[in-house]
Structures are given as C-alpha cells and as structure tokens.
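Novice: First the structure, which I've put down as structure tokens, then a few questions once you've had a look.
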Protein chains: 2
Amino acid sequence: MIIAEQLLATAYDEAQLGLREGGIPIGAALFDSAGNLLGRGHNRRIQHDDPSVHAETDAFRAAGRRRDYRDTIMVTTLSPCWYCSGLVRQFGIGAVIVGESRTFTGGHDWLAEHGVSVTVLDDPACVDMMTRFIAERPELWNEDIGVAE
Amino acid sequence: MIIAEQLLATAYDEAQLGLREGGIPIGAALFDSAGNLLGRGHNRRIQHDDPSVHAETDAFRAAGRRRDYRDTIMVTTLSPCWYCSGLVRQFGIGAVIVGESRTFTGGHDWLAEHGVSVTVLDDPACVDMMTRFIAERPELWNEDIGVAE
C-alpha cells in the first residue's frame, strides 16, 4: 500500500534542499502507482534565474520522456499553481498529492473536476516551511506566482 | 501599431528551426506591448529529450525573470496546450496570439474567459507545418501532448 506521507517526504526533502540553496522551498516528485520514484525536483527560480522551473516541472523533467502518465502520481509540497496544474492535466497524470494548500491554492480543485485523484494532506511541516518563507521573502514569492507589484 | 502577423513570423522561424533540428515544429516568442522581443524559443522534446520544454515555456524561460507580465504578448504557432495555457494564466501574461488551432486546440478559450486577450490567426503556413508533422510523426506528436497509446 502506498502511504501518501511517505511519498511527500521526498518532495519535502527537495524543498529543503532548495531552501539551503537560497531558493524558494517547494519540492515535488513523480512516482508510479507502485511507489517507485521516477523523478524529483525543486523550484530553481533563484538558483538558475529560471522562472520556468517550478518544483513540479523539475520533477517532470527529471522523469524523462514517457508515453503514458496515467499510472503516475505527482507529489508536491504546495498546491500546484495553474502552470503546474496545466502540466498535470495535459499529460494525464493520474493522481496528485498536495502537502498543503493553506499558504497558496492553485488548480488542484480544477484537476479533481477533470478526473485527477487529488489528496491534500495539510502537512504541518509544509505549512510552516512556506509560511516562514513568504513572511521573510514576500517579493520572491510574489514573483514566483506572477503577482505583480 | 503592432501587427500580429509580424510577431508570428518570429514564432514561425523558431518552429522551422526546431524542425531542422529534427524536433517538433512549434515555436513561440514573448514580446512587450510595444513589440520588443523579450524571449523566443521552440519545443525541444526530441533535441534535449526534455518533455518539459514546450515552445511557450522555452520562450518564457528565455525572457528571464520578470516582476510583471501584464504588458506582455505570448505568440505561438499553435494553440497552447493546458500546460502552456496554465503558464499564461499563472503569470498574468496579458495577450496571446495563436498561429492556428485547426490541428490542435488547447486552452486558449479558457484563457479568454479569464481575461487574456486572445487572437487566433488561422495562418495557412502554421496549419501546413503541423499537418505535415502530425501525418509523418504521429507517435511523437501524441507523446508531446500526453495522448497515451
């Protein structure tokens, strides 16, 4: 049996790695339905000056080319933004596990409406991590989600 | 005055560049509202074995970090898929110019519903380019839009 919290641990580790690099602490990982890791990654806006690398897109890239995503699970520390929600919908990723959606809510309800299995864990460590980051670096956070000044 | 067809020419050049590289011929470019080029790019799934690089995400990356996208125009040879439509919505890109949506329709109507200025040009050269590619390499095309076998 797949334990969602165990899968989240990998995404959380990625977020913490990003934080230690001076980046925005959001991590993600793509697994198959047996719980095998396919790819993991984290937001690299600051580290690479690359606005296109969100945690989910980084994990998706790390998993390489695939012909079928229906059997995969995208695990992310934070509710996926519209960009990352669009990724999940377009590629038919079957399930999404969300660490928390208190500090930000993207498109996970929209994904559920379109048949994606969505689980929101409301994980206290994920909430704490983003709450601190947003309080300390609001300008970076707003930049990362496209909120203009 | 900004002529949509002139902006499309840059995206089309990118698509043709991708085709010559052996890739999927979709190109895009991000401009400001005065028509200044901010970034251009093309799909690199084949070239880099990277499923995360669609034309629009490549152009977005090439434009670098920005604090405000409301004044920008995303020009793409093909209707943006949900992944790329989500990018436009999340970052508040103000306008989208689509070369064609005959061979594929993604989320451009959804973007229009959410306040994005959307123009579909129905450009014959863009239609011809994708029609040929899809006929010649259907497996690559289906892979790129997440259609499983």
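Novice: Let's test the formula: R0 of 22 Å, r as the Cβ-Cβ distance of B:SER33 and B:ASP122. What FRET efficiency results, to the nearest 0.05? If you can, show how the numbers build up before the last one.
Specialist: Working: r = 23 Å, r/R0 = 1.04.
Step by step, r from the Cβ atoms, then E = 0.45.
Novice: Let me ask something else about it. Which of A:PHE133, A:THR76, A:ALA62 sits closest to the plus end of the dipole of chain A, meaning its Cα is farthest towards the positive end, when Lys and Arg get +1 and Asp and Glu get -1 on the C-beta?
Specialist: Positive-end residue among those listed: A:ALA62.
Novice: What FRET efficiency comes out for the pair A:ARG65/A:THR105, r = Cβ-Cβ distance, R0 = 22 Å, nearest 0.05?
Specialist: Details: r = 31 Å, r/R0 = 1.39.
Here the calculated transfer efficiency is 0.10.
Novice: Which order do A:THR131, A:THR72 fall in if you start with the one that has the fewest other Cβ atoms within 10 Å?
Specialist: Numbers: A:THR131 13, A:THR72 23.
Fewest to most other Cβ atoms nearby, the residues stand as A:THR131, A:THR72.
Novice: Which stretch or stretches of region A:52-81 have amide N atoms under 17 Å from the point lying 7 Å from A:ALA9's Cα along the Cα→Cβ direction?
Specialist: The answer is A:75-77, whose backbone nitrogens lie closer than 17 Å to the label point.
Novice: Over chain A, what lengths in whole Å, largest first, do the semi-axes of the equivalent ellipsoid take, defined as the square roots of 5 times the eigenvalues of the alpha-carbon gyration tensor? The partial results should precede the final answer.
Specialist: Numbers: eigenvalues 100, 47, 45 Å².
Each semi-axis is √(5λ); the values are 22, 15, 15 Å.
Novice: Taking the alpha carbon gyration tensor of the protein assembly as shown, what are the square roots of 5 times its eigenvalues, largest first, to the nearest whole Å?
Specialist: On the way: eigenvalues 188, 97, 49 Å².
With the √(5λ) rule applied to the protein assembly as shown, the semi-axes are 31, 22, 16 Å.
Novice: So how do A:LEU38, A:LEU78, A:LEU8 line up by other beta-carbon neighbours within 10 Å, fewest first?
Specialist: Working: A:LEU38 18, A:LEU78 31, A:LEU8 25.
Going from sparsest to densest Cβ surroundings: A:LEU38, A:LEU8, A:LEU78.
Novice: Specify the residue with the greatest mean-square fluctuation among A:GLY99, A:GLY86, A:GLY41, computed from a Gaussian network of chain A linking alpha-carbon atoms under 10 Å apart.
Specialist: Most flexible of the set in this elastic network: A:GLY86.
Novice: Further, regarding this structure: Looking at the square roots a ≥ b ≥ c of the eigenvalues of the Cα gyration tensor of region A:4-67, which shape do they give, rounded for a/c under 1.5, prolate if a/b is larger than b/c, or oblate? Could the numbers behind the result be given before it?
Specialist: Working: a/c = 3.24, a/b = 1.40, b/c = 2.31.
Oblate shape, in that a/c is at least 1.5 and b/c is the bigger or equal ratio.
Novice: On to the next question. How big is the charge dipole of the protein assembly as shown about its Cα centre, in debye rounded to the nearest 20, if each Lys and Arg gets +1 on its Cβ and each Asp and Glu gets -1 on its Cβ?
Specialist: Values: 26 positive and 44 negative charges, 60 e Å.
Approximately 280 debye in magnitude.
Novice: Moving on to the next point. Sorting B:THR57, B:THR105 on the 10 Å Cβ count, fewest up front, what's the list? Provide the component values of the computation, followed by the final result.
Specialist: Numbers: B:THR57 24, B:THR105 15.
Exposure proxy ranking, most exposed first: B:THR105, B:THR57.
Novice: Considering all alpha-carbon pairs of region A:65-149, what whole percent are spaced by more than 15 angstrom?
Specialist: Here the tail beyond 15 Å accounts for 58 percent of pairs.
Novice: From the label point of A:ALA148, set 7 Å from Cα along Cα→Cβ, how far away are the matching label points in the other copies, in nm, ordered shortest to longest?
Specialist: Taking the point 7 Å beyond Cα along Cα→Cβ, the inter-copy spacings are 4.1 nm.
Novice: Considering chain B as a Gaussian network with a 10 Å cut-off on Cα pairs, which listed residue, B:ALA59, B:ALA15, B:ALA112, attains the greatest mean-square fluctuation?
Specialist: B:ALA112
Bear in mind these aren't lab numbers, they're just calculated from the coordinates by the rules spelled out. Bear in mind that the values here come from a model prediction, so they are computed numbers and not experimental data. Using ideal geometry, Cβ is built from the backbone for each residue, glycine included, and neighbour counts are taken over all protein chains shown.
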